[in-house]
Amino acid sequence: MNEIYSVAGIAVVIKNEIYFYRNCKPYHKYSIQSTIIRDTEECKLWQESDDAFDLLKRLQVLSSKIGFHTITCVTELKRNMSDVHGVSCLVIATTDMISILDTESFKILPDKYELQGETAYMSSIGLYDVDYKILVATRTGRLYIFSKSSTSGFKVETTHAIVAILLRIDKFICCTIDGLLQCYTLKCVSLWNVKLPGDPTSMVNMYVQSMSLEMTVVSCNVINADGHSRGLVLMYCGSTVIHKISMPDPMTCITFGRFGQEENALIMITTNGKVDIKLLKRTATFDLCARSTLTAHAQGNLSIPKRSNVFIEQTLREREHCKEMHVRTQQTWQLLQIVVSNERLNSIKQKVTSQLLHTSAQLLGLGPRFKIRFFLKNLGKEPLMGINVAFLYNAQYHSIESPRCRVPIIVPGTEIYCETFVTCCTYGGSDDRAIDIIVSRETNVMYRAKVNMPVYNIQTSNLSEELNDITS
């Protein structure tokens, strides 16, 4: 059985039937079943209809139930191995459905996808048992991308009909009839587009394994100055043309792959029915150094200073003491890593501690003497110890009796407060009147708040006191 499975097969589609051939002999025939409508159902509609309009509506509903599907496009999808001799599944596209056929049991697999429009081109990549993607192009210019994890698929609508498509691991390329070569991501985001010199006829993916180079080959129909048409083959690496092949006749289709003993062969069929085969030389090189040439040209214009005695002495010193310099650099780098790690741990502890403490402040009094009462509440499950509260102020405008307060242990769920008296000395602006309250634990700052003191006029207060003394 293993020898039989290693023989490649050919699938030929005729309407809604697929014929499988092995060794040029018929092997299996698969038909897509259509829904059968009995004559009695149609006669019942004719009898129950009231008028012609009612009969027309009922017949339209019945015709929508008829599932006669015609196969429009097929492609292969590897089952569990990407090897050349691995078992493949057959992806079948009908008028409104995409299904996958198991070529061993000849049964439809459970993955099915719905789309709008007839499929014109289809391409697949990946493994069915692992993950795969299917790119579908309809005759109306729509592009769908289906995957194993997504049944809805992304959609792109082009303004013109699509000529050919290519699907790759992280992007796909499509060619439209207006001579535009476009590239999209798998989420249908446009990457680039290139205007072709002629009308495109076909496109194929060209991967040269010896050079690890993947190219896009596009055949175009170009009209000469004398009015005659000729063929032109363009090889793109990304959006850049790296090679051109001129042909005397236009081409209808091209393909790339192994031909006999040659691994890299480009086979083309012209409109006159001729087959042209181009073999890639094993010593062939493509012009991929355009950017490197520009960079080298730019570097040639740089003004490099001459070597001085200090530079030469420093070079000799580095050669003699290279080990010591390397050890010192590594030690400095490790110390820096330790400092960064400690700061990170402190910030995490501070963040965790700050989430377990709730604070609020009250300002009591009419002036010029006020009382600030600062509340602290433990929201955690463990008691908090070693918390200090400090009041920062401008001595030119205020005076505080006790600018620092040590908070006792805070039991979980309880709220305590610390208070101090503030006296206004002179009148100042809003920034000068603000008092900062800082809550710290050991050397880590947990909270920082600001209390804006009210405006209090010292001169007005003194005048009112003098008037009271005179009247008395």
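The values are calculated or read from the model by the stated rules, or taken from the named source; none is laboratory data. All values reported here derive from a predicted model rather than from experimental measurement. Reconstructed Cβ throughout: ideal geometry from the backbone, glycine too, with neighbour counts over all protein chains shown. Accessible surface is based on the protein model in full, side chains and every heavy atom, while ligands, DNA and RNA are left aside. Shrake-Rupley method; radii C 1.70, N 1.55, O 1.52, S 1.80 Å.
Observations on the model:
- Cβ-Cβ under 7 Å pairs, at least 6 apart or on other chains, region 311-328 side charged (D, E, K, R), far side part of a helix (DSSP H, G or I): GLU318/MET325
- If you check ARG404, ARG448 for being over 52 Å from the mean Cα position of the chain (by Cα), farther than 16 Å from PHE370 by Cα and either at pLDDT 85 or above or open to solvent by 60 Å² or more (accessible area, probe 1.4 Å) (or both), only one passes: ARG404.
- Matching strands (runs of 3 or more DSSP E) fully within region 307-422 where at least 1 residues are among the small types (Gly, Ala, Ser) and closer than 19 Å to ILE438 by Cβ: 357-364, 387-392, 398-400
- For ARG373, the criteria (1) open to solvent by 70 Å² or more (accessible area, probe 1.4 Å); (2) farther than 27 Å from ASN346 by Cβ; (3) modelled with pLDDT of 85 or more hold in every case but one, which is (1).
- The set of residues from region 266-286 being part of a strand (DSSP E or B) and open to solvent by 60 Å² or more (accessible area, probe 1.4 Å) comprises ILE269, VAL275, ILE277, LYS278, LEU279.
- Among the residues examined, GLU263 does not qualify as in a strand (DSSP E or B), under 29 Å from VAL136 (Cβ atoms) and either of a type outside the set (Val, Ile, Thr) or open to solvent by 60 Å² or more (accessible area, probe 1.4 Å) (or both).
- Residues considered: THR270, THR240, THR255. Of these, the only one that is in contact with a helix residue (DSSP H, G or I) (Cβ under 8 Å, 6 or more places away or on another chain) and either of a type in the set (Ser, Thr, Tyr) or modelled with pLDDT of 90 or more (or both) is THR240.
- Which listed residue, of SER219, SER190, SER210, SER150, is at pLDDT below 90, over 27 Å from ILE98 (Cα atoms) and either among the β-branched types (Val, Ile, Thr) or within 33 Å of the chain's Cα centre (by Cα) (or both): SER210
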